[in-house]
Amino acid sequence: MRFLEWLARGGCEFGATFHYNGAVMKRTVQVVTGSWVLATVLCGAAHAQESKPIPKSVSKSLTWDFQQTVQAQPGSNNPQADRYGLPDVWHLLRTTRSTGPVGSRTWHRDGRYTLLKLRGDGLFGAPIQAWTFRLGPALAPFVGRYTAAQNVGVNFQAGETVIAPGPDHAIVVGWRSPVAGKLEIQGEFQHAQSCCGKNSQINWYVQRGPAPNLETGFKEVSLAKGRSDFGTPSEHGKFHLKDLAVRPGDFVYFIADSAADGSGTPHHGDATRLVARMTVHGAMMPRVASYEKSIRPLLARHCVSCHGEDSREARLDLRTLAGMLAGGESGPAIVRGKPSLSFLVRLVDAGEMPPRGETRLSDAERSILKRWILAGAPADTDPGDVPPVALVTDADRKHWAFRPPRGHRLPEVKGRDRVRSPVDVFVLKQLEDRGLGLASDAQRSALLRRSSLDLLGLPPSPESQKAFRADTRPGAYARLIDRLLAHPQYGERWGRHWMDAAGYVDVRLFDGDAATIYFNEGMWRYRDYCIAAHNGDVPWDRFITEQLAGDELVAWDKLKRWTPEVQRNLIATGYLRNVEDPTSEAQYGVKERYDVLFDLMKTVSSSLMGLTLECARCHSHKYDPIPQRDFYRFMACFEPALNVHDWRKPQERFLNSVSAAEKVEVDAHNKSVDSRVQVLGKQLKSAEASAKAKQADTAGLVDSLKRQIAALNATKRGYGKIQALWDVGTGSPSRMLRRGEWNKPSIPIVPGFLEVLSTGRAETATRPKDAREGSSGRRLSLARWLTRPDHPLTARVIVNRAWHHHFGAGIVTTPGNFGRNGARPTHPQLLDWLAVDFVEHGWSLKHLHRRIMLSSTYRQASHRDPVDEAKAVAVDPGNRLLWRTNLRRIEAEVVRDSVLVASGQLDPTPGGKPVMLTTPANGLSKIKPGPMPTSVNRRSVYLLARRVYPLRFLELFDSPIVPVNCTKRPQSATVLQSLALLNSQFVVDQAAVMADRVRRRAKNDDVADQISWAFRLSLAREPDAGELAACRQFLVDQAADAVGNDSLGDLCQMLLCTNEFLYVP
Amino acid sequence: MDPTVSGTISSSGGQQFPATRRRMLAEAGAGFGTLALAGLLQRDGLLAANEEPSDLLPRPGHARPRARAVIQLFQNGGPSQMDLFDEKPELTRQHGKVPSREIETFQLDNNNVLLKSPYNFYEAGECGMRLGELIPHVSSIADEICLVRSMHTGHNNHPFAINMMQTGKTFAGRPAMGSWICYGLGTERDDLPGYVVLRSPKGYNTSGKMVWSSGWLPAVYQGTEFNSSGDVVHYLSSRPGTKASGRRRALDLLAKLNRRHQELYPRESELEARIQNYELAARMQVAASGALDLKQESKATRAAYGLDNPVTAAYGARVLMARRLVEAGVRFVQVFPPVSPSSQPWDNHNNLPRDLPNICRQTDQPSAALVKDLKRRGLLDDVMVMWTGEFGRLPISEAKDGRDHNRNAFSLWMAGGGFRAGHVHGGTDDFGYAAVEDRVSVADLHATVLHQLGLDHRRLTYRHSGRPERLTDPEVTGARVVDELLA
């Protein structure tokens, strides 16, 4: 609808007078309770970017006359509400002070004006409609108009406008242009007060500028100024300005300041006639916003999450025009053509909607909205038949990671001789497209060390080096991979990778206090579960399901006896128990409980889905198409277990490792043992006493009693704790939180999954039939959704993480973020192919290892000859295309474990309670020797996992500090690492032990053999002639210098310090 | 280790190190700074080089800096503003009465009655700012400091508020301000870290190492703990009995083996960095030990920092070390208060009349001495001193005579670095409960500190997991540079 049409339809609601093409259209003022507008309004305020020319034939001149439009009316509110967004053109403002440049003063539109007439006041006995800032003796400043003829020095006719400054407040009338064009201003300030001598006069200004900033004023451009003094030649302060270019939103200010000659206080209340007529020639109308393009998205952004499909607060649905017109509990939301009768507009203007804490509509948005209503709320679509606003569009679903992976056909490549696996085809294709190829295969010794470090996190032992060297039959390498995958230490390596993503820690609190450890007792069972699951190659869909919902898979609460499977399923939910949980402190309440949920969401979304959801907690995600609603839908899956209104403190969230019935049984048994031991103990005491008193020979009795007690005690049975998660309490409805704030619950929400990964509206979490009776089944439903074979993210994320650990960089280099702001895959087809292949092969990680490690791509050398390399570097300096394998530094645990392997001191005992650490005041945390003397040399995965204070040696090599979890470790090379390798007690001691081992292994005192052994133990290879010579010379010189060092120990330590030792070849 | 070990060595190939190590390192993309390398860490875009630095080479900020270094005297626990910096006569008048407004408390044993300050306030300096009697030394530098009385923060418990003060957010895991600054500007020295932490040798303060974590910024920007007693840096000294010549020979062998290995990987700058690091380790031993050697200070200086007094000696030593470190070119030094009686010594929940004077006695003189000393040496223009806790305390009484946490108002002071001297900014309500006048948020403070160092808080970004992150997150916090604090 065009401007003229709605004008003709009576779209303009205020007391407006238009001079339009010479014709005057006047309409009755419609007073609106609670929302009065000071001055006339041209229907159609605007913003520059919104304006576009209307057809020339109707574009002429428009006029606004101040005098005809000031309408202080009974029953109306203060005119000073913020109305810049309104299509108002006249604004009443004031500034403090009457000195200094007007623009730099403090501006007010603070709503403190009062309607003079309502107080029964008049001005000089004459009835006046006016607004005033201050009542009483100092009646100033004010603006209004006389309702009857009046003489206050000059003669006023009924309806003429009068303004007055105060002694310290300038009165400012602002005119805001709703249109673009050439502006003509014509008018007069006429001072009209004869009293008070020379202290009664005004300075007046006509200025233009942007809308005033209430703090900083504005940069003024003076158009006209002067002094008006009753009864003098200057009384008529006339102005007439032409041809001023004006754009929508520009302001013109009419300002009256009280002036004085200096002989006294400036007089206030200098009544001044203001005549002001604004004419815009060649006016260009701003465009009315399109419902589809502007209005619907605007409402979807600000309103629809509460007044939409999921919830209709106040029974209002703002998704459709029909819904707006039909309205809710408070009547229609909008009235066509009448913004100020529109309830929606009133609430938005009053700042009541969106509710406190939410993002307010900007001035521009409010203006667009009102203009659209004013224009009759035109919609391009039939208002009754508007589909619900989708918060996620089909375009959003096109992002690569949101489409299901598909098994691409293998491309054609030239270098077929290097193709050992489909992996190679995809990699070669991209290399060949850029004129590159794969590097040649790495040496066997390097391959052995690489695959051993990759799969076990340990360098190969001299025995396995020998065995691999000896196996010259075809398929030796594949057999090696099989052997490594079957090795029990494989799970310790790959379990640790998953523990990073899960944020595994043995503590439950923030862990800020170095000296105190708050244990999550029995958490280690989850660590052992991860290791065992990897060793057993538990299919990942199963592994994920157990971790998210193991407690919903088995009827643990009903079973008399728990099988290992039942225990395992409960232990698996420890995945959800790594989150920091401070709620054991009495000061913490619902807020912190939500924080636990939020942290849990971070872990789950980044580790399993490769997405960061946390942005959507407070507002719809800025980068990814994840509406705020999705965040809470997803969170609702966990709320029955982490029920903020029926909360368990973290130390109460454990199950015993046996069923309730078994616990009773075991407790009873132990109790009876205790009582029998007690009886025997008494007998023992008296036997010993009589032996002491030499009353009888009771030695035999004492021995027998002691044996009986020991035997009885040995029959005692124990159980420990499982840190598990299960649904607790009675279900309470899940709600969205406004702005993510715990104390602002809004609409109830149905648990479900991401809309962008659903076709159409987001899927809801429906309770699976096989969910344990008594549990909500929400997490199980989530697990089932995540492990669908065609889920776009799950398999891709796992495959990418495995690739990351094998190559040092994932196909997506941001393993925790597959969203729009994450990295794009370097080999998207390969990623898809691997994901599909992974699922087709039963979600088997060991299958995936074979796929990757048997490829030529993996078997490449990590270096090339210089000419080749220069060529490749010119094309791909970061080796993203894999023209060689990356040289990777071994991770923290691998550094420590490798040192222990070299010295022969690694204690391979698996599982159990963590090896303790202590952190003395100097911060050098270290291993606390346990009851077993060898326990200090267990694998690093078994050391106590703290959030903030890991073993200092590991921390230096980038073992993660775990506020939440870690999807990608950094790889740093710091001086502190070099210092630790040179001077730490650990490395120095192990080097000395390694030297002893070398001496034992080497033939007699053969120095060359010793050097060879030192190389085998540390670098898994033989030294070459140059190295042998250098080392031999070193040993000779060192001995000759009589430095008192163990020369061979020094040699061993230096080998442990080499770059070669620290890098996967 | 014998300092002579750290001399220039020739590698196995007979290749001499360039005359200026710094330059060579810069050319090789190495240095103390190359401790983590862009090439390997940041490969987000396919084939694209990353533009974000991950080294400590000095680089210009966004604008001409007003200050080049920062010493943060971190006073964790929550110093009581109404007993130290923010005199409240109305609180005294209404002592014992129920406050007229609701007070947000943290602990459960608060009494909802107003508690006056037991301390007198006096005019200090030419500027006449009124300060409490417990900090006479800080009063003596009143004309040098910019006192902000209108700070407020996001959480009323320690770990969260400490995260806020350090990283701009209440949750853990983001980079500390010092890390951001080193990321933005690098550092002048290649043998000292850019960000040094000096804590009590008796233990960690609340939140421990998380306070100087570099979060997801490269590890090179992490705060490095220097010990004010014992080994300056962890693992700095070699095993007792190690003979220097033997160690030298071992290092030469190591260099030889590494060079042979490196021939295969001429472009792996990380390998080069590691080779350099063994030499830098030795240089660092000298540089760090020298920077922390307080014997080089005059008797008068040592006395000024209170080193001759057992009450002030330990904290005074750390503060004096901080001055020596910034003098030596360290960019950001963070000094922590004593850890006894608790790891948050300003946390006076009860018996404030006993504990507050106690911690003031330990910290007041050295803090003031630092500002005087910097001024005397002409360093106060270049070096910014921040005296700040993580939040303030409540005007009502907890237990009998203590005060609970308050996130709505606290006071801190800044000195040097272009901050307005002898200036008081902002104000609280009648009871010191909430900042009401010219409020300054923690994000505002961060923006202002960065600004003085020549860094624009809106432009200092680092891409993390695909998002351009900032210390101040201005779109959410509305952080602004508080010009009113600046000279």
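The values are calculated or read from the model by the stated rules, or taken from the named source; none is laboratory data. What you see is a predicted model; the values in this text were computed from it and never measured. Heads up, the Cβs are rebuilt from the backbone with ideal geometry, glycines too, and the neighbour counts pull from every protein chain shown. Heads up: the accessible areas ignore ligands, DNA and RNA and are worked out on the full protein's heavy atoms, side chains in. Shrake-Rupley method; radii C 1.70, N 1.55, O 1.52, S 1.80 Å.
With the Cα gyration tensor of chain A giving a ≥ b ≥ c as the square roots of its eigenvalues, does the rule (a/c under 1.5 for rounded; else a/b larger than b/c for prolate; else oblate) give rounded, prolate or oblate? Verdict is prolate for chain A. Counting protein heavy atoms only, chain A has 52 percent of its accessible area on carbon and sulfur, 1.4 angstrom probe.
Computed with every protein chain present, the accessible area of A:Ile927 is close to 40 Å² [probe 1.4 Å]. Within segment A:682-703, find all residues whose amide N lies under 17 Å from a label point positioned 7 Å from the Cα of A:Ala714 along Cα-to-beta-carbon. From segment A:682-703, the list is A:703.
Work through the residues other than B:Phe171 whose Cβ is under 11 Å from its Cβ and net out their charges, Lys, Arg +1 and Asp, Glu -1. Spell out each step's value before the answer.
Working: positive: A:Lys602, B:Lys169, B:Arg174; negative: A:Glu580, A:Asp595, A:Asp599, A:Glu614.
Neighbourhood net charge equals -1.
Rounded to the nearest Hz, the phi-derived 3J(HN,Hα) couplings of segment B:478-487 under the Karplus curve 6.51 cos²θ - 1.76 cosθ + 1.60 (θ = phi - 60°) are x, 4, 9, 6, 8, 4, 4, 8, 9, 6, where x marks glycine and proline.
Sorted largest first, the principal axis extents computed over the alpha-carbon atoms of segment A:432-482 equal 43, 26, 17 Å. Electrostatic bookkeeping for A:Ile890 treats Lys and Arg as +1 and Asp and Glu as -1; over the other residues with beta carbon under 12 Å from its beta carbon, the sum is +1. Compared with its chain on its own, segment A:867-883 contains the following residues whose accessible area drops by 50 Å² or more in the full protein assembly (probe 1.4 Å; ligands, DNA and RNA excluded): A:Glu869, A:Arg880. Taking every alpha-carbon pair under 8 Å whose residues sit at least 6 apart, segment B:140-291 reaches a relative contact order of 19 percent. Normalised by the number of residues in segment A:730-889, the mean separation of alpha-carbon contacts (under 8 Å, six or more apart) gives a relative contact order of 12 percent. Pairing chains A and B buries close to 7200 square angstrom of accessible surface in total, based on protein heavy atoms and a 1.4 angstrom probe.
I want to verify the translational diffusion coefficient of segment B:59-172 in µm²/s; compute it with Stokes-Einstein, Rh as the Kirkwood radius over Cα pairs, at 10 °C and 1.306 mPa s.
Calculated translational D: 93 µm²/s.
Ligands, DNA and RNA aside, A:Val901 has an accessible area near 30 Å² when probed at 1.4 Å.
Helical runs (DSSP H, four residues minimum) scored at -39500 (n - 2.57) apiece and divided by the length of chain A put the mean residue ellipticity at 222 nm at -10000 deg cm²/dmol. Sparsely packed loop sites in segment A:316-360 (the trypsin sites (Lys or Arg not before Pro) outside DSSP H, G, I, E and B with at most 12 other Cβ atoms within 10 Å) comprise A:Arg356. Panel values: segment A:812-932, Kirkwood radius from alpha carbon pairs, Stokes-Einstein at 25 °C and 0.890 mPa s, translational diffusion coefficient 128 µm²/s. In this label model, A:Thr766 and A:Lys238 are separated by 8.3 nm, measuring between points 7 Å along each Cα→Cβ vector.
Protein-only accessible surface at a 1.4 angstrom probe places the residues A:Cys195, A:Cys1031 in the order A:Cys195, A:Cys1031, largest first. Close amide H partners of B:His425, meaning residues 5 or more places away or on another chain with modelled amide H under 5 Å apart, are B:Leu147, B:Val148, B:Arg149. When a 1.4 Å probe is rolled over the protein heavy atoms, the share of accessible surface on segment B:123-244 that falls to carbon and sulfur comes to 46 percent. In this entry, segment B:336-400 is assigned a mean projected area of 5.4 nm², taken as a quarter of its C-alpha convex hull surface. Using a/c under 1.5 as the rounded threshold, could you call segment B:295-346 rounded, prolate or oblate? The axes a ≥ b ≥ c are square roots of the C-alpha gyration tensor eigenvalues, and prolate needs a/b larger than b/c, oblate otherwise. Oblate.
Based on protein heavy atoms only, the protein assembly as shown ends up with 37 Å² per residue of surface accessible to a 1.4 Å probe. Using alpha carbons only, how many angstrom separate the centre of segment A:618-643 from the centre of segment A:652-729? If we compute the Cα centre of each part, the gap is 51 Å.
Which residues of segment A:979-1015 end up with at least 50 Å² less accessible area in the presence of all protein chains than when their chain stands alone, using a 1.4 Å probe? Hits at the 50 Å² cut-off: A:Leu979, A:Leu982, A:Asn983. The fraction of all Cα pairs in segment B:208-358 landing in successive 10 Å bins from 0 to the largest distance is 9, 26, 29, 22, 9, 4, 1, given as whole percents. Note on surface exposure: A:Thr715, A:Thr545 rank A:Thr715, A:Thr545 by accessible area, highest first, 1.4 Å probe. The reciprocal of the average 1/r between distinct C-alpha atoms defines the Kirkwood hydrodynamic radius, which for segment A:752-827 equals 14.2 Å. Segment A:491-517 and segment B:166-182 have Cα centres separated by 22 Å.
Taking the inverse of the mean 1/r over every pair of distinct Cα atoms in chain B gives a Kirkwood hydrodynamic radius of 23.6 Å. Segment A:506-647: percent of C-alpha pairs farther apart than 22 Å? Result: 48 percent of Cα pairs exceed 22 Å. The coefficient of translational diffusion for segment A:456-532, derived via Stokes-Einstein from the alpha carbon Kirkwood radius under 20 °C and 1.002 mPa s, stands at 141 µm²/s.
For segment A:924-1040, just say rounded, prolate or oblate: build the C-alpha gyration tensor, square-root its eigenvalues into a ≥ b ≥ c, call rounded for a/c under 1.5, and beyond that prolate if a/b exceeds b/c, oblate if not.
Working: a/c = 2.57, a/b = 1.89, b/c = 1.36.
Verdict is prolate for segment A:924-1040.
Relative to the compact-globule estimate of 2.2 N^0.38 Å, the Cα radius of gyration of segment A:646-751 comes out at 2.08. In this structure the amide hydrogen of A:Leu223, modeled in the peptide plane, comes within under 5 Å of the amide hydrogens of A:Val206, A:Gln207, A:Arg208, none closer than 5 places in sequence on its chain. Put A:His487, A:His108 in order of accessible area, highest first, and with a 1.4 Å probe you get A:His487, A:His108. Each residue of segment A:420-435 was assigned a 3J(HN,Hα) from its phi angle through the Karplus curve 6.51 cos²θ - 1.76 cosθ + 1.60 (θ = phi - 60°); the sequence is 10, 8, x, 3, 5, 4, 5, 5, 4, 3, 5, 5, 5, 4, 10, x Hz, with glycine and proline shown as x. Scalar couplings 3J(HN,Hα) for segment B:300-307, obtained by applying the Karplus form with A = 6.51, B = -1.76, C = 1.60 to θ = phi - 60°, are 5, 5, 4, 5, 4, 7, x, 6 Hz; x denotes Gly and Pro.
Assuming 0.36 nm per residue, please report the length gained on full extension of the stretch A:Lys414 to A:Asp394 beyond their Cα-Cα distance. Working shown, then result.
Values: separation 20, 0.36 × 20 = 7.20 nm, distance 3.81 nm.
Contour length minus Cα-Cα distance gives 3.4 nm.
Put simply, the amide H of A:Gln860, placed in the peptide plane, has neighbours under 5 Å in A:Ala442, leaving out anything fewer than 5 places away on its chain. Heavy-atom accessible surface of A:Phe519, to the nearest 10 Å², is about 80 Å², with a 1.4 Å probe and all protein chains retained.
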